[in-house]
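Coordinate-derived values only; no laboratory data. All figures in this text were calculated on a predicted structure; none of them were measured in a lab. Using ideal geometry, Cβ is built from the backbone for each residue, glycine included, and neighbour counts are taken over all protein chains shown.
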Amino acid sequence: MERSKVPLHKWLYSMYLLVTSRKGISSMQLAKEIGITQKSAWFVLHRLREACGDQLETLRGMIEVDESYFGGKEGNKHKKKKLNAGRGAVGKTAVLGLRERGGSTLAFPLADTEAPTIQQAIYDNCEPGSTILTDEHGSYRDLDGLFYRHSTVNHSAGVFKRGIASTNSIESVWAVMKRGMHGVYHKASPKHLHRYVNEFAFRLNKGNVKRHTLHRLDSFVDGMKGKRITYKELTQ
């Protein structure tokens, strides 16, 4: 909030709206709610999203892992912007999600979904001895061994639960995130996507409705310590 011309009470109300809105709040809506311009509201929201990042938690126990893709749909793009390289993940950014059953959720964009990239992300964020639960994507192979136990479900065969194995919990995270991205924010560039992902993960963890609203706001304030991003950094 350094050098901000937006009054403190409007910052606090913005925090409240962002942490209590299940699918997020657009800059247009925030501008109307607190009486500032859309441009200023966009800047306020990105500064708050910056505070949602760097949740340094190591997951343990049973951890569901899945990847999803975010970005514009090829069919909805103007002819000049279409990549004409197929469907599915074309032109989208991969995001990896890890959800500890009964615990926290981590999510972040990836450069690719190759085995070395995904497995390194798992090693960096999951405690050895944990059970990793995934679908049968090839990048998850060879996880079962020295560091982890690994159990899978075969979605292509119509199997969504096998014993303890399922990815239903992390997929529910994607459902909420995609409703917010498409219905509230409409689009997010690869440059800013990590902040939107941080926002949704923060709301699941620190902004959980089971916590008192003031405690949720306390977590937001704690996350702001030592962080600052300028308008120039956001737009250059």
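Descriptive notes on the structure:
- Ascending count of other beta-carbon atoms within 10 Å, so fewest first, for D218, D135: D218, D135
- Considering only the chain, percent of DSSP beta bridges that pair antiparallel, nearest 5: 60 percent
- Amide H contacts of L110: A94, V95, L96, each under 5 Å away and 5 or more positions distant or on a separate chain (H built 1.01 Å from N in the peptide plane; Pro and chain starts excluded).
- Extension gain, A89-A157: 0.36 nm per intervening residue step, less the Cα-Cα distance, totals 22.4 nm.
- Between the Cα long axis of helix 168-180 and the first principal axis of the chain there is an angle of about 30°, rounded to the nearest 10.
- In terms of packing, defined here as the mean over residues of other Cβ atoms within 10 angstrom, the peptides 137-144, 49-56 line up highest first as 49-56, 137-144.
- Selection from G163, A41, G138 lying farthest towards where the dipole of the chain points positive, charges on Cβ: A41
- Computed from the C-beta positions of L146 and L234, the FRET efficiency with R₀ = 35 Å rounds to 0.25.
- If the Kirkwood radius is taken over C-alpha pairs of the chain, then at 37 °C and 0.692 mPa s the Stokes-Einstein diffusion coefficient equals 172 µm²/s.
- Which listed pairs, of K5/K232; K39/K210; K39/K191; K5/K92, have C-alpha distances above 26 Å, in listed order: K39/K210; K5/K92
- Order of V184, V197 under a 10 Å beta carbon neighbour criterion, fewest first: V184, V197
- Cα long-axis angle, helix 115-125 against the chain (0 to 90 degrees, to the nearest 10): 70 degrees
- MRE, 222 nm, helices only [DSSP H, n ≥ 4, -39500 (n - 2.57), over the chain, to nearest 500]: -12000 deg cm²/dmol
- Taken about its Cα centre, the chain carries a charge dipole of about 1440 debye when Lys and Arg each add +1 at the Cβ and Asp and Glu each add -1 at the Cβ.
- The Cα-based radius of gyration of the stretch 168-236, divided by its Kirkwood radius, gives an Rg/Rh of 1.01.
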